[in-house]
1. Could you give the accessible area per residue of the range A:25-99, probe 1.4 Å, as a whole number in Å²?
2. So if I restrict to the alpha-carbon atoms in chain B, what is the Rg, and what is Dmax, the biggest pairwise distance, in Å?
3. Reachable lysines from A:Lys78, Cα under 27 Å, same-chain residues fewer than 8 places away excluded?
4. Dipole of the protein assembly as shown, Cα-centred, from +1 at each Lys and Arg C-beta and -1 at each Asp and Glu C-beta, to the nearest 20 debye?
5. So what is log10(I(q)/I(0)) for the protein assembly as shown at q = 0.12 1/Å, when the Debye sum runs over its Cα atoms only?
6. List the accessible area buried at the contact between B and A, summed over both sides and calculated with a 1.4 Å probe, in Å² to the nearest 100.
7. Report the label-to-label distance for B:Tyr64 and B:Val150 in nanometres (one decimal), using points 7 Å from each Cα along the Cα→Cβ vector.
8. What percentage of the solvent-accessible surface of the protein assembly as shown, computed with a 1.4 Å probe over protein heavy atoms, is contributed by carbon and sulfur atoms?
Amino acid sequence: MSKSTDLDPAALPAKPEDGPPFQAPWQARAFAVAVTMCQAGYYTWDEFRSRLMAEIARQSHPGESTEYYQHWLNALEKLLADKGFVGGNELDAKTRELVNPRR
Amino acid sequence: MSTNHHNAPESEPALRVKALELLLTEKGLVDPQALDLLVDTYENKVGPKNGAQVVARAWVDPAYKARLLSNGTAAIAELGFSGMQGEDLVVVENTPEVHNLIVCTLCSCYPWPMLGLPPVWYKSAPYRSRAVSDPRGVLREFGLELAPNVEIRVWDSSAEIRYLVLPERPKGTEHMSEAQLAELITRDSMIGVTKVTLDSKAGSQA
């Protein structure tokens, strides 16, 4: 018998009225980028979905669902790199630029 | 441009998404206003009220119900609903003998045009695995105890198909209008983890 309910990987996450669909603005932006680019025809939904499934499948803590949009973002980054839209190095550089803007 | 040094530093994923959006915008691949519009749509406009409207119509109009069960996508389009993750919609009907439950075991596929975005628990690993291995136990956690003779059918979303449960119309609602019925129909009942009852309040669910 396990008492550590909050770590029990078989327990469903608490189900009070769930709250908003996104827990942070970046989650909404990552969602919207993936959907609008698919709608614009840059890739099929299945191309995105297969990468999302792969990210979810290799998650280390099966009980944690808060990481969902991190998987989503990882899948999106991989897809955009695979398709040649935004490379990993390019994205790293742009991210660094946001952290330390040049004056 | 002024920088606000009092703000908490942005999280790593927030910075990466911002960088990604900037690059995609510079390349002309996304339009930030289109992103705003899409976020607003999924945060505020698309939700279980759509599905409730469809279910209520099916309860009061047997011909519509027949069309809904034979071609879900075409039938929801009659009421003006369409869009991503609704392209190949299959509606499965609950009866006194059969109870249906939907899941996406490998990720998070969900009938967006009918229900909006899925709740956190739907995307969680425990639900994704236990809906298949122990559906009766999962339903019990949602407060639904089914008689042992009721067959549970679990529908796992595939690359193409999204499912929606058509719940049973509760007894004692014969006098109700379509609009009143729609008020009773909850998101969870259309996922199949609960039933519609006279006490259900669809309005309390986002």
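The values are calculated or read from the model by the stated rules, or taken from the named source; none is laboratory data. Given the structure is predicted, the values throughout are model-derived calculations rather than measurements. Glycine gets a Cβ as well: all are built from the backbone with ideal geometry, and neighbour counts include every protein chain shown. Please note that ligands, DNA and RNA were not included when accessible areas were found on the heavy atoms of the full protein model with its side chains. Shrake-Rupley method; radii C 1.70, N 1.55, O 1.52, S 1.80 Å.
1. Result: 44 Å² per residue.
2. Taking only Cα atoms of chain B, I get Rg and Dmax of 19.7, 68 Å.
3. Those lysines meeting the cut-off are A:Lys94, B:Lys18, B:Lys27, B:Lys123.
4. Details: 32 positive and 40 negative charges, 51 e Å.
Roughly 240 debye, rounded to the nearest 20.
5. -0.85
6. Values: alone 12070 and 8130 Å², together 15410 Å².
For chain B against chain A, roughly 4800 Å² becomes buried.
7. Computed distance between label sites B:Tyr64 and B:Val150 equals 2.5 nm.
8. Details: 8260 of 15410 Å².
After summing per-atom areas, the C and S share lands at 54 percent.
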